[in-house]
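Following: one structure in structure tokens, then a few remarks.
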Amino acid sequence: MTNPKSKPGISGELHLHRAEAVIQTPVFALSTILILLMVVGTLLFQVEAATAFVVLRNFVTSQFDWVFVLSANIFVVFCIFIAFSSYGRVRLGGDSARATYSYLEWLSMLFAAGMGIGLMFFGVLEPVTHALHPPLGIAPEQYELARSVGMAAAIYHWGLHAWAIYAVVGLSLAYFSFNKDLPLTLRSALQPLFGKLIWGPIGHVIDTVAVLATMFGLATSLAFGAEQIAGGLSYLFGIVVSNELKIVLIIGIMAIALVSVVAGLDKGVKRISALNMGLAACLMFFVIVTGSTVAIFDTMWRAMVDYLLYLPALSNWLQREDTAFLHDWTTFYWAWWISWSPFVGMFIARISYGRTLREFVTCVLILPTVIGLLWMSTFGGTALDQLFSDGYRGVAEASPELALFKMLEGLPLSDIVSSLSVVLIAIFFITSADSGALVMDTISAGGKLDTPLRQRIFWCVLTGLVAIALLLGGGMASMQALTISVGLPFCVILLMMCISLLKALREKIEK
């Protein structure tokens with residue numbers, strides 16, 4: 001039986017012929033069993049699980065921090081090399097292929113799926129936190145310097161390094177699927193290194209690790225979303241925050257996500273992503289207009305300069321004084337993005353047919369980084385101006401999930417805008433959940449996109465169950481520990497992807 005051929009469908013979505021599918025992998029059964037064992041074990045032994053997760057996180061972040069930081073640096077250099085080399089002219093799908101989605105649709109989908117919930121949660125919290133507890137050995141009393149380093153550190157975690165991780169996976173999957181006619185799944189990206197072995201146990205392990213990484217990375221993001229929505233409801237309406245409330249929120253929003261999953265990529269995910277970007281743009285515009293506009297634009301310029309200025313120091317893992325920052329923030333973030341990379345990378349690959357490699361890298365690396373810089377400068381910059389210029393300590397003294405709402409408290413129409421922000425967080429929640437379910441479904445089906453509807457529903461429901469189980473079995477600490485732990489082996493797979501893609505591109509150019 002031949003490998004499945006890929007082509008753009010009439011709806012703009014990539015379709016693979018079911019009749020030509022070559023792989024009937026055990027990935028679905030293996031990943032499902034492992035995930036369910038984790039869920040059941042966590043629920044049965046909640047206290048023990050919580051303790052074990054903390055120990056696991058501390059061990060991985062302290063012993064393997066260098067692996068994550070060095071690898072993230074390699075991914076950035078790799079992407080820049082691809083964009084500026086002769087390989088950049090290669091077009092995904094062949095020389096005659098043309099892009100299926102417009103730039104706006106493309107950017108909306110990759111950004112909403114990639115970082116929506118995270119920026120809503122950390123966009124205010126992180127710049128203020130890093131300014132009050134600055135990295136790189138800066139004293140908090142050095143207010144101006146601490147403010148600059150704090151903003152640079154926040155953008156560092158959401159900028160080039162994060163999107164380079166996604167780009168490596170997305171570029172590899174898109175090239176081997178569209179240009180080499182291999183199934184749209186992680187094992188295909190390593191075909192030049194392993195040859196036919198990718199259709200056996202090695203390939204099964206690679207895809208299973210990808211499903212687990214996606215599941216735990218996504219569950220962590222959904223938990224952040226549930227925390228923030230619950231905090232917003234408590235802030236606005238005085239509702240008591242509890243695990244029961246968070247569980248109800250997860251169930252309710254996952255039910256809405258099911259509708260999008262059933263609708264598919266074009267009718268569901270694309271439309272919700274466009275709505276996301278529109279509402280997020282309106283919220284950012286509101287903050288710019290009603291906040292300290294001059295200070296925000298000044299912060300944008302200074303943030304760009306500071307980001308580039310402190311990038312080498314932040315990217316270095318050797319002889320760091322700020323080990324707490326390196327482990328609790330940077331190492332966790334890189335592991336989180338690596339865990340998300342199968343999900344976001346495959347999603348980007350599916351919507352990137354017809355783009356050149358140079359176009360792909362430029363848009364996936366630069367544009368989201370710029371948007372993240374603008375977002376952090378607007379929301380985090382406003383909170384910093386409130387703190388250092390007005391003496392308002394609402395954000396500094398608030399719990400993490402209330403940071404956004406406390407910042408909005410200092411602006412006009414705060415109750416209305418905060419209510420709309422809760423809705424926006426929920427929509428980002430839905431976008432991440434439905435996109436992630438579609439990706440895990442594709443990986444577990446050996447790259448097929450036309451899987452049975454009940455299978456897509458299964459992954460959506462299972463994602464919600466995992467988020468609930470981890471919430472009960474140790475909360476955010478357990479989710480972060482699993483994200484970091486699964487991210488470590490998948491980091492090695494990403495490094496192999498770089499080698500594999502270079503090997504394939506070199507062979508193409510030499511021909």
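Bear in mind these aren't lab numbers, they're just calculated from the coordinates by the rules spelled out. None of the values given here were measured: they were computed from a predicted structure. Counting neighbours? That spans all protein chains shown, and the Cβs are built from the backbone with ideal geometry, glycine included.
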Under a plain spin-label model, where a point goes 7 Å from the Cα along Cα-to-Cβ, how far apart in nm are Val54 and Ile416? 4.5 nm
Given Trp336, Ile351, Gly391, which one lies farthest toward the positive end of the charge dipole of the chain, if we put +1 on the Cβ of every Lys and Arg and -1 on the Cβ of every Asp and Glu? Ile351
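Would you mind classifying region 371-511 by shape? Square roots of the alpha carbon gyration tensor eigenvalues, ordered a ≥ b ≥ c; an a/c under 1.5 is rounded, otherwise it is prolate if a/b is larger than b/c and oblate if not.
It is prolate, given that a/c is not under 1.5 and a/b is the larger ratio.
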Long-range amide H partners of Thr356, meaning residues 5 or more apart or on another chain whose placed amide H is closer than 5 Å, are Leu92
Among Gly381, Thr290, Ile425, whose Cα sits farthest toward the positive end of the charge dipole of region 19-510 (+1 at Cβ of Lys/Arg, -1 at Cβ of Asp/Glu, about the Cα centre)? Ile425
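Would you mind putting 415-426, 494-505, 334-345 in packing order, based on average other-beta-carbon counts within 10 Å, highest first? It would help to have the intermediate numbers written out before the result.
Working: 415-426: 17.7, 494-505: 19.3, 334-345: 29.6.
Packing proxy ranking, top to bottom: 334-345, 494-505, 415-426.
How much mean residue ellipticity at 222 nm does the chain get from its helices, if each DSSP H run of length 4 or more adds -39500 (n - 2.57) and you divide by all residues, to the nearest 500 deg cm²/dmol?
Details: 19 runs with 361 residues, N = 511.
The helix contribution divided over the chain gives -24000 deg cm²/dmol.
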Order 237-248, 161-172 from most to least packed using the mean count of other Cβ atoms within 10 Å. 161-172, 237-248
Restricting to Cα pairs under 8 Å and 6 or more apart, the percent relative contact order of the chain works out to 36 percent
With each pseudo-label sitting 7 Å past Cα toward Cβ, what's the Ser85-Asn243 distance in nm, one decimal? 5.0 nm
Taking all pairs of distinct alpha-carbon atoms in the chain, Kirkwood radius in angstrom: 22.8 Å
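Answer rounded, prolate or oblate for region 288-409, using the Cα gyration tensor with square roots of eigenvalues a ≥ b ≥ c: rounded when a/c is under 1.5, else prolate when a/b is larger than b/c, else oblate.
Numbers: a/c = 1.82, a/b = 1.43, b/c = 1.28.
It comes out prolate by the Cα gyration axes.
Taking the Cβ of Thr378 as the center, what net charge do the other residues with Cβ under 14 Å away carry, scoring Lys and Arg +1 and Asp and Glu -1? Can you show the working numbers first?
Details: positive: Arg302; negative: Glu126, Asp298, Asp385.
Counting the neighbours of Thr378, the net charge comes to -2.
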Cα-based Lys proximity count in region 19-510, under 26 Å, for pairs eight or more positions apart or on separate chains: 12
Run the dipole for region 19-510 about the Cα centre, Lys and Arg Cβ at +1, Asp and Glu Cβ at -1, nothing else charged, and hand back the magnitude in debye, nearest 20. 1460 debye
